[in-house]
1. Tally up the residues in the range 1-47 that are of a type outside the set (S, T, N, Q) and modelled with pLDDT under 80, please.
2. Which residues, counting only those in the range 77-109, are more than 16 Å from residue 38 (Cβ to Cβ) and open to solvent by 60 Å² or more (accessible area, probe 1.4 Å)?
3. List pairs: first in the range 113-125 and touching a residue at least 12 places away in the same chain (Cβ under 8 Å) and open to solvent by less than 90 Å² (accessible area, probe 1.4 Å), second assigned to a helix (DSSP H, G or I) and of a type outside the set (Lys, Arg), Cβ under 8 Å, 6+ apart or cross-chain?
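The values are calculated or read from the model by the stated rules, or taken from the named source; none is laboratory data. Everything numeric here is computed off the predicted structure, so don't read it as measured data. All Cβ positions, glycine included, derive from the backbone under ideal geometry; neighbour counts span all protein chains shown. Just so you know, the surface numbers come from the protein's heavy atoms only, side chains and all, with ligands and any DNA or RNA stripped out. Shrake-Rupley method; radii C 1.70, N 1.55, O 1.52, S 1.80 Å.
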Amino acid sequence: MAKPPIYDRLTIERYAQKLLARARLVTLYGFIGGGVLGGGIAAASGFAFRFVTSVRPVLEGLSLGLNTEQATDAANGMALVWGTAGGLACGIAGAFLGAGAAARYRLAAQQALCQLEIERHLSRLAARGAEEQERPPTAG
C-alpha cells in the first residue's frame, strides 16, 4: 500500500494566515487606490475646465457680457467639488471591488484550513484502522 503524502501543516497554516491578512488589507487598498485614481481624474477634468476658462480673455472681445473673474472662480470651485466627489465615488467603487477580492482570499484560506482538517481526520482514521489490523483477533 502506498504511503499517503505528508503535508507540512505549518506551511499551509502560514499560507492561510497570509491570505487572511491580505484579505484584511485589500479592501482598504481598493478604497485608497480608487479614491486617488478617481480624484485625480476628476480634478484633472476640473483643472482642464479651469484652463479653458483662462483662455476666455482672448475671446472677451467676441462675446459681450463675459465676466472672466466669475468664470475662473466657478472653475476653481468645480475642480474642488468634482475632484472630491470623483475621489469619493471611485473610492467607494474601489472598496466594493476590494471587498470582493477579500472574500476570495478568505475563501482560499478557509479551503486550505479545511483541507488540513480533513487530512488530520483521515490520518487518525488510517492510524486506527492500521492498529485494528495489527491486533490479533480475540476469542470470544
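1. We begin by selecting, within the range 1-47, every residue of a type outside the set (S, T, N, Q); these are 1-10, 12-16, 18-26, 28-44, 46-47.
Next, from what is left, pick out any that are modelled with pLDDT under 80: 1-7, 42-43, 46-47.
So the answer is 11.
2. Let us first name the residues in the range 77-109 that are more than 16 Å from residue 38 (Cβ to Cβ), namely 77, 99-109.
Within the range 77-109, 104, 105, 106, 107 qualify.
3. As it stands, the answer is 113/12; 113/13; 113/16; 116/12; 116/13, since those pairs meet every condition given.
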